[in-house]
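The values are calculated or read from the model by the stated rules, or taken from the named source; none is laboratory data. Just so it is clear, the model here is predicted, and its values are computed rather than measured. Cβ placement follows ideal geometry from the backbone for every residue including glycine, while neighbour counts extend to all protein chains displayed. Ligands, DNA and RNA are stripped out before the accessible areas are found, and what is left, the full protein with its side chains, is counted by its heavy atoms. Shrake-Rupley method; radii C 1.70, N 1.55, O 1.52, S 1.80 Å.
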Amino acid sequence: MTDPFLIGDQMSGGYGSGPDILHDCTIAVDEGEIAVIVGPNGAGKSTAMKAVFGMLNVRQGAVRLFGEDITSLSPQDRVAKGMAFVPQTSNIFTSMTVEENLEMGAFLRRDDITGTMDQVYDLFPILHDKRRQPAGELSGGQRQQVAVGRALMTQPKVLMLDEPTAGVSPIVMDELFDRIIEVARTGISILMVEQNARQALEIADKGYVLVQGRNRYTDTGKALLADPDVRKSFLGG
Amino acid sequence: MMQLPVILCGLGVLICIAVVVLAERRKQIVLRDSAMFVIVACLILGTGFQESWNSALFILNFGLISAIMALGVNLQWGFAGLFNVGIMGFVALGGLAAVLISAEPTPGAWAAGGFQVLGALALGAATTTLAVILWKRMKPGRVRLGVLLTVLIGGFFLFRGIFDPAVSAIEAINPAQTGYLGGLNVFANEATRAGWMTVVAWPVGGLLAAGAAWIVGKTALGLRSDYLAIATLGIAEIIIAVMKNEDWLARGVKNVSGLPRPVPYEIDLQNNSDFVERAATIGLDPTTASTLFVKVAYGLLFAVVLVIFLLLAQWALKSPWGRMMRAIRDNEVAAEAMGKDVTARHLQVFVLGSAICGVAGAMMTTLDGQLTPGSYQPLRFTFLIWVMVIVGGSGNNLGAVLGGFIVWFLWVQVEPFGQFVMSVVTAGMADGSPIREHLLESAAHMRLLTMGVLMLLVLRFRPRGLIPER
Amino acid sequence: MDYINALVAFTNFVLVPGTAYGAQLALGALGVTLIYGILRFSNFAHGDTMAFGTMFVILITWAFQGAGISAGPVPTALLALPFGIALTGLFLIGTDRVVYRFYRKQRVKPVVMVMVSLGVMFIMNGLTRFIIGPDDQRFADGERFLITARNFREMTGLREGLAIKTTQGITVITAVIVVVLLFWFLNRTRTGKSMRAFSDNEDLALLSGINPERVVLYTWLIVAALATVAGTLYGLDKSFKPFTYFQLLLPIFAAAIVGGLGNPVGAIAGGFVIAFSEVTITYAFKKVATYVLPEALAPDGLAQLLSTDYKFAVSFALLIVVLMFKPTGLFKGQSV
């Protein structure tokens, strides 16, 4: 079997020299797919994603991007390799304008970025209207759009989102999910951690249910939604 | 020419350094710390043999005072993590107390305007209090602002109206000699100058510093650490400005000199045939013997104070109070969550530490026999003390004491040493060459450079100081 | 009552000196605020950095004067300024490499960095005294006045004179140029924006591929320029003495904090707030009052609110008042 596009393969590890939080955990996403990590609180969802992004000390297992072993690369180097990460909190430059936030996202690029910026504005039209406003003055949902937009400016191959809908209203959440699907259609793989498991699995090509740092269920989003065990334990019936 | 004892002292230093290194490796902490103090002893003894015993005792006495100041700062920084860069102000207040307590009252000054000045100051305090009360009691709005401004501005002019004439009256009394209120030493008369009053002044210096620290702490503690630092830096400059300007208080930059002292005067000793005889039996001429005697007497007094403070500080460190302080220092949020009143505890330790600095300041003014507000410089009285604490080991009382001695020794000895190095360096240059002149002249500034390098080296290679916190 | 003469007297003794001093403080506070925003510590060596940079400028000025190079009516020191900035920049970058970088890599607490800056302060202070000595140095040359009091009186026929020193004019013009350049750099260039981004959110800046070492390098260079310019302007306007520069630390920090630490606009505003308060409160208003008030009400004394020696008290009091009511400063500053 060929490797998926991005895979964190049987990773075990923890923060710094602390105890292991992940145990033989595998997370993968294919090109243009949406992969969602769900699970109860403290299951290691965010930790698993951070491990893929190199913010964790992975003691066993490996992370491979396009077949290349990137386990030892720093997060910054992974950005250069085409991975983009949207943290859950402090994910925008609050004192800078929306446009400057996007520019900073494209900091590593030396070519013309106006095209990418227009794409982001097409995706999130509201940002175009507010492009001269400091990002810190925007509403929660708009901030998340800025955060995603900033990450897209590197023209990544994989976009990693840590609970993008945390703290936004249900309407905004639906809209964000729509946008995320749109992003995936342009060929960008998406790896996402979500609290709102049901909605997230509905748009997911692949779902990972983690419990205590281990894979519990792994299947397509639809299959997981249909699985009575998963429904009972994690989706509230 | 170097003599045998000097060489022995040098050897002693080298041996002790070796002992320190070995003990450190074997984790024999008591041995290591003792060896470090023996190094200090050897350095001071060496100075005695090489230069003169007067210089050695000078270093010892100021070293004792420095050690006390370092203990005070260590209480604030090492115990509680408070960043106080206003040490100079508290030290100066201690010095002021020495004048206020031990100087003789100026005849007629109190009658001329002393009480009026006190009245004016009380009025000032009352105005401020009233303003604070109004601020708290009244509803926010234009009315409150108006009333407050009226009270403050009116109070200010009323204060100046009462204060200014009283000050002129006091300063007019024999300005060349006194022109100030004088102290409270009513025990002085023709027969005695009541030198023991200077010792009374030491705790009063502590109280004065504590009072100032309480006001500073009330306003600035609870703010961020950087802000506390700037606030203390400011208050120290203000205290010095007050002491330089308010001539009625302690003669300002005209200085108060000839303060009484708790130990005998050299001249009296030299006139005492008994003393001269005893000096002769150990082979000393009367002049040297008297100066040494005075310095030793001071040294003993200071040592007693240092030991008391050290014991108290050690006891505090090991007490539940000390443990709580360090818990707060290491994790303020957690301590607060456990129900500790962090700001109140900080205020406590800030006041205590500043009081210790005040006591040391009073002792220093006593040793100098004069108060010279112009000589208080932050590099010498604030930042040098910080070097002592950092080098000695913050959080460890013995470390602070050691740092006080070692850094003071270097502060004094770097200058002659720098001179020596420069004269060697410039030996090859022609006499009167401008570069040579400049280098020889500038050697004095080597000490600041040395302190900086020392501090950076310690922070880099031994960040917890020579004697780290246990 | 003579409002025009009163206004002229006020301008002459409060407005003009206050503006010049405010500009100098603003430049100093900008340096402090940049270091705080990007390197995230209060740099106690800043006053001595100003002294250090000014020392280079003075030495080069002397060399120019010795070689007969002059700038005509403006002080020769302006010609020496770029060289002074370059040397100071080299020194600061060297200090960063040898001293600060080690602690930055360890991600130590800010207060440790402050301690380290105390050590650097000692070294810079010692070096300055070692090289140029602790005494007063005057190095202003060229035309002394833009307008002399006498010319002004002759021109306007007023009783009060208005004098503007060349150094005051140069201070304001230079400060405006420097500030415009700085804000253009921070708001319009890629590197400048990356510095702001780094100051705003360090982790996200790293995720965006911003190289922290480069940001730090540029920060020190800009700080060198700001400190040297501020120090030179202050020295031209008044005089150069290492200890005075060390003492400037207090009003400069007060300005930066009053404006909001880490906020460049705040630093400028803070500089002027502190400067004008200081000058106003320590100015003897007798002259102004005699013009405005009827004779019967004319003050007997100097009508001075506080003696000049209490200028530190003004910075301090303002600092405390602002902190009590607006803990992050007039303009929103950051808190580490």
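A compact table of results
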| read-out | value |
| --- | --- |
| Backbone N under 19 Å from the B:ASP341 label point (7 Å along Cα→Cβ), restricted to the range B:286-321 | B:320-321 |
| Accessible solvent surface per residue of chain C, calculated while the other protein chains remain in place, 1.4 angstrom probe, Å² | 38 |
| Interchain or long-range residues, amide H under 5 Å from A:LEU161's placed H | A:VAL86, A:LEU191, A:MET192, A:VAL193 |
| Spatial separation of Cα centroids for the range A:1-37 and the range B:285-318, in angstrom | 68 |
| Computed [θ] at 222 nm, deg cm²/dmol, chain C (DSSP H ≥ 4; -39,500 (n - 2.57); rounded to nearest 500) | -22500 deg cm²/dmol |
| Buried solvent-accessible surface, both chains (A, C), 1.4 Å probe, Å² to nearest 100 | 1700 |
| Cα gyration tensor category, rounded, prolate or oblate, for chain B with a/c compared to 1.5 | oblate |
| B:VAL256 long-range amide H proximity, modeled H, under 5 Å | B:LEU371 |
| Virtual spin-label span in nm between B:VAL425 and A:SER74, 7 Å along Cα→Cβ | 3.9 |
| Span from the the range C:157-193 Cα centroid across to the the range B:116-155 one, whole angstrom | 40 |
| Counting DSSP beta bridges with both ends in the protein assembly as shown, the antiparallel % (nearest 5) | 60 |
| Accessible-area composition of the protein assembly as shown, carbon plus sulfur, in percent [1.4 Å probe] | 63 |
| Calculated [θ] (222 nm, deg cm²/dmol) that DSSP helices of n ≥ 4 give over chain B, each run adding -39,500 (n - 2.57) | -24500 deg cm²/dmol |
| Inter-centroid distance (Cα atoms) of the range B:1-69 relative to the range A:195-232, Å | 72 |
| Under the Debye formula (equal points on every Cα, no solvent term), log10 I(q)/I(0) of chain C at q = 0.08, 0.11 Å⁻¹ | -0.41, -0.74 |
| Pairwise label distance in nanometres, B:VAL253 with A:ARG132, each label 7 Å out on the Cα-Cβ vector | 5.5 |
| Of C:ALA71, C:ALA20, C:ALA224, the one that fluctuates the most in a GNM where chain C has Cα springs shorter than 10 Å | C:ALA71 |
| Calculated FRET efficiency for the pair B:MET324/B:ILE267, C-beta based, R₀ 45 Å, to 0.05 | 0.30 |
| Accessible area buried at the C-B interface, both sides summed, 1.4 Å probe (Å², nearest 100) | 4300 |
| Chain B: DSSP helices with Cα axial extent of at least 27 Å and average Kyte-Doolittle hydropathy no lower than -0.5 | B:4-25, B:29-50, B:53-74, B:115-137, B:142-171, B:196-220, B:225-245, B:286-318, B:342-368, B:397-425 |
| Cα gyration tensor, the range B:109-209 - rounded (a/c under 1.5), prolate or oblate | oblate |
| Surface per residue (accessible, 1.4 Å probe) for the range B:57-107, Å² | 14 |
| Label-reachable residues, the range B:102-142, where backbone N falls under 12 Å from a point 7 Å from B:GLN177's Cα toward its Cβ | B:106-108 |
| Separation of the B:VAL453 and B:ALA303 label points, Cα + 7 Å toward Cβ, nm | 3.4 |
| Amide hydrogen neighbours beyond the local backbone of C:GLU143, cut-off 5 Å, H modeled | C:VAL74 |
| Accessible area (Å², 1.4 Å probe, nearest 10) - A:LYS130 | 60 |
| Compactness of the range B:1-50 as Cα Rg over 2.2 N^0.38 Å, two decimals | 1.21 |
| Within the range C:1-40: backbone nitrogen closer than 19 Å to the C:ARG153 label point (7 Å, Cα to C-beta) | C:2-14 |
| Debye log10 I(q)/I(0) at q = 0.13, 0.14, 0.16 Å⁻¹ for chain A, Cα point scatterers | -0.76, -0.88, -1.14 |
| Cβ crowding within 10 Å averaged over residues, with B:456-465, A:44-53 ranked highest first | A:44-53, B:456-465 |
| Trypsin sites (Lys or Arg not before Pro) within the range C:89-120, DSSP loop, no more than 16 other Cβ atoms inside 10 Å | C:ARG107 |
| Axial C-alpha extent at least 18 Å, average Kyte-Doolittle at least -0.5 - helices from chain C (DSSP) | C:16-38, C:46-66, C:77-95, C:110-132, C:166-188, C:212-237, C:264-282, C:311-325 |
